[in-house]
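Here the structure comes first, spelled out in structure tokens, and everything after it is commentary.
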Amino acid sequence: MNPLHQHNVLRSRRAFLTNAGMGLGAAAMASLIPRTGMANPITPHFAPRAKRVIFLFMAGAPSQLDLFDYKPDLIKQFKQKLPDSISRGQRVTAMTRGKQQLVAPSKFKFSQKGESGVWMSELLPHLSKHADKLCFVHSMNTDAINHDPGKTSFCTGSEIPGKPSMGSWLSYGLGSMNQDLPDYVVMPSAFWSGKVNVQALYSRLWGSGFLPSKHQGTSFQTSGDPVLFLSNPNGVDATVRRRMLDSLANLNRKHLSEIGDPEIQTTIAQQEMAFRMQSSVPELADLSTETEATLKMYGPDVNKPGSYARNCLLARRMAERNVRFIQLFHRGWDHHTRLPDNMKGQCNDVDQPTAALLKDLEQRNLLDDTLIVFSGEFGRTVYGQGNLTLENYGRDHHPRCFTAWLAGGGIKGGLHYGKTDDFSYNVVENPVHVRDLHATMLHLLGINHSKLSFQFQGLDQKLTGVEHCRVVKEIIS
């Protein structure tokens, strides 16, 4: 086609759509703009127990058997075959399919901690001091047996990529509590001690899916500007940037009036947020106002940008500034071999900073309205992998049971909830699916999970999906 003729054709199409904006175009756009089942998405359905969430995601799946689910009698069955009555021919990964399932007891000592006497591993000496604040859910279970669908399911409620993440649902359902920082911030650790089997993290784990893009998570960087392109380029000061944004906003508003695309509103809002973040984010990331005692409490890694320790301290600072959902990712927990050595390193990474986060929030009267959740995407098997000895073993993926713990934000502390069999293989009491955990999190934030919905592709989409789930009221104080 002649280039001039092609230009005129395209121009005519744009003119038609623009001129039809108040007629057929407007009707079409109205049908595309999703509707929510909530009458007012900023109003909770009932009084919330928590205002914000800090989610500590241990990517790779830590072994519940070596941290939280105490099974002292397994030592008697070292290297014995896992009974068929326990395994029941259930699905296993390709890594252990057809191989002998020999019992590998934990080499680590457990002891009762706090006034509640909950059992915890020697690998977590700092966190053990806060045992009475923690609620251990031993009966967690999920459908996914591999890492990517496991993480995707945990973060978005579905194994299928493309759904909105937990933080995006909260941003959408409850709105913002601050004007100068994002509703939802993500901080992956830049380094970790377990150097084997480390899977990538994907931005879709904190994406907004079919929700407006303003609800997606903002990932903080481990070096340079905390947020990409936060600083002005050379020769552009705040006054020039302000004039540029005002002019651009006028153009965007004109475009919005012509075609009605709600993503244009998102663009305007995000550009304004970015401008405010140019002052709020550097202030947030500046730890010079923290006392030496506070820095020491978080451990020696707190001064390393991108460390889990530093991210924990930043999480507390975000909680003070009312960021709604704060998610830390710490990788390196996929221990198919040499689990004891790798677990020691990983626990050393997270033990002291996590304990410090709990103490710091409590000292600042923030723990009561901040929900803390600590979990991986699934658990690990009781049967070993690799060179199996009492001192050296690995464990495969295990979705049928694992342990998560919660604290703060309306949670009962000093509690073991749910129960597994003698091999930590099957849930035998009070099962809690990942959907149930999501429903419980939403409940603590004042949201009825069945009413937080968004119409997309002809369905009222929800974080908890369409399958049955429940709020685990037994763990709520």
Q | Qualifying positions in segment 184-221 - among the hydrophobic types (A, V, I, L, M, F, W, C) and in contact with a His (Cβ under 9 Å, 6 or more places away or on another chain) | A | TRP192, VAL196
Q) In the set ALA144, ALA131, which member is under 10 Å from GLU377 (Cα atoms), surrounded by fewer than 24 Cβ atoms within 10 Å (Cβ to Cβ) and in contact (Cβ under 8 Å) with a residue 12 or more places away in the chain? A) ALA144
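Report, by residue number, each residue of segment 421-460 that is assigned to a helix (DSSP H, G or I), of a type in the set (Asp, Glu) and either on the phi > 0 side of the Ramachandran plot or in contact (Cβ under 8 Å) with a residue 60 or more places away in the chain (or both).
As a first pass, look at segment 421-460 and keep what is assigned to a helix (DSSP H, G or I): 434-444.
Still in the list and also of a type in the set (Asp, Glu): 436.
Within segment 421-460, no residue meets the criteria.
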Q) (1) at pLDDT below 95; (2) of a type in the set (Phe, Trp, Tyr); (3) under 16 Å from ILE326 (Cβ atoms): which one isn't true of TRP169, the others all being true? A) (1)
Q: Considering only residues that are part of a helix (DSSP H, G or I) and of a type in the set (D, E, K, R), look in segment 216-261 and name the one that is modelled with the lowest pLDDT.
A: ARG241
Q | Scan of segment 444-477 for residues that are of a type in the set (A, V, I, L, M) and more than 19 Å from TYR172 (Cβ to Cβ), ordered by number | A | VAL471, VAL472, ILE475, ILE476
Q: Kindly indicate whether any position in segment 347-366 is farther than 30 Å from ALA293 by Cα and touching a residue at least 60 places away in the same chain (Cβ under 8 Å).
A: no
Q. List the pairs whose first member sits in segment 86-113 and is more than 24 Å from PHE136 (Cβ to Cβ), whose second member is in a strand (DSSP E or B) and not small (Gly, Ala, Ser), and whose Cβ atoms are under 6 Å apart, counting only residues at least 6 apart or on separate chains?
A. THR93/ASP396; THR93/HIS397; MET95/ASP396; THR96/ASP396; GLN101/TYR383; LEU102/TYR383
Q.
Being of a type in the set (Val, Ile, Thr) and crowded, with 23+ Cβ neighbours inside 10 Å narrows it down to one residue among VAL434, VAL428; which is it?
A. VAL434
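Filter segment 322-341 down to the residues that are in contact (Cβ under 8 Å) with a residue 60 or more places away in the chain and more than 15 Å from SER189 (Cβ to Cβ) and list them by number. Walk me through how you get there before you give the answer.
So in segment 322-341, the residues in contact (Cβ under 8 Å) with a residue 60 or more places away in the chain come out as 322-340.
Scanning segment 322-341 gives ASN322, VAL323, ARG324, PHE325, HIS335, HIS336, THR337, ARG338, LEU339, PRO340.
The values are calculated or read from the model by the stated rules, or taken from the named source; none is laboratory data. As the structure is a prediction and not an experimental result, all values here were calculated from the model. Cβ atoms come from the backbone with ideal geometry, glycine included; neighbour counts cover every protein chain shown.
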